[in-house]
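Taking it in order: structure first as structure tokens, then the write-up.
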Amino acid sequence: MNIPRLFSKKTYVLFLLVFLFTTSIIAQQKTNAFWSNVKFGGGIGLNFGDNFFGATIAPGAIYEFDTKLAMGLGLNATFNNQKNIYKSTILGGSLIGLYNVITELQLSAEFEQLNVNRTYNVNLNFEDDRYWSPALFFGVGYRNGNVTFGIRYDVLYDTEKSIYIDPWMPFVRFYF
């Protein structure tokens, strides 16, 4: 039995190409909508002193759900060296939540978990340190465009184990 053809092979190929092209455009529009809400930022730091060197790189990214709420992830890598005293490598990550009460006022909560590896000069008779240092910061800042200036407080601050000298810390945050 011969089934009549409704369309030619060229029509089927054309239909298939149009379908694939349209599906690709729709998928790209959804992907572009997601990425248009992602902002990248971070920090870089260098510290020089009397026989001291420190360097930090801390990239981060946030997803803006709307004009008020954003959440994101960050990484942190720090190296310190006090000549003839110690060397430390600090690696870790963070989760951050941002809430804009009004355009200029931003509240933040950030959980940071850092792995500290500190080795001392053998002549000092100190034991090397290897431990995890958690921090939970609550902050408030003045926001102007992509930049926020503010202060944050570490509620988990430990005078013996924290890598920061004080629980209160000023910050400058950039996301583009």
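The values are calculated or read from the model by the stated rules, or taken from the named source; none is laboratory data. Since the structure is predicted, the reported quantities are computational estimates derived from the model, not experimental observations. Note that each Cβ is placed from the backbone with ideal geometry, even for glycine, and that neighbours are counted across all protein chains shown. Just the protein is used for accessible areas: all its heavy atoms, side chains included, with ligands, DNA and RNA removed. Shrake-Rupley method; radii C 1.70, N 1.55, O 1.52, S 1.80 Å.
List of remarks:
So that you can scan it fast, the table gives a plain yes or no per residue for (1) modelled with pLDDT of 65 or more; (2) open to solvent by less than 70 Å² (accessible area, probe 1.4 Å); (3) hydroxyl-bearing (Ser, Thr, Tyr):
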| residue | (1), (2), (3) |
| --- | --- |
| Phe21 | no, no, no |
| Asn32 | yes, no, no |
| Lys39 | yes, yes, no |
| Ile44 | yes, no, no |
| Asn80 | yes, yes, no |
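- Among residues of segment 82-128, those that are part of a strand (DSSP E or B), open to solvent by less than 80 Å² (accessible area, probe 1.4 Å) and more than 20 Å from Ser162 (Cβ to Cβ), counted: 7
- Condition met for Leu16 (of a type in the set (A, V, I, L, M), closer than 26 Å to Leu105 by Cβ and either modelled with pLDDT of 95 or more or surrounded by 10 or more Cβ atoms within 10 Å (Cβ to Cβ) (or both)): no
- The number of residues in segment 53-73 being open to solvent by 40 Å² or more (accessible area, probe 1.4 Å) and in a strand (DSSP E or B) comes to 9.
- Test: residue in segment 146-153 that is over 18 Å from the mean Cα position of the chain (by Cα), among the small types (Gly, Ala, Ser) and closer than 26 Å to Ile102 by Cα: no
- Hey, Gly145 open to solvent by less than 60 Å² (accessible area, probe 1.4 Å), under 19 Å from Lys39 (Cβ atoms), free of Cβ contacts under 8 Å to residues at least 12 places away in the same chain and among the small types (Gly, Ala, Ser) or not: yes
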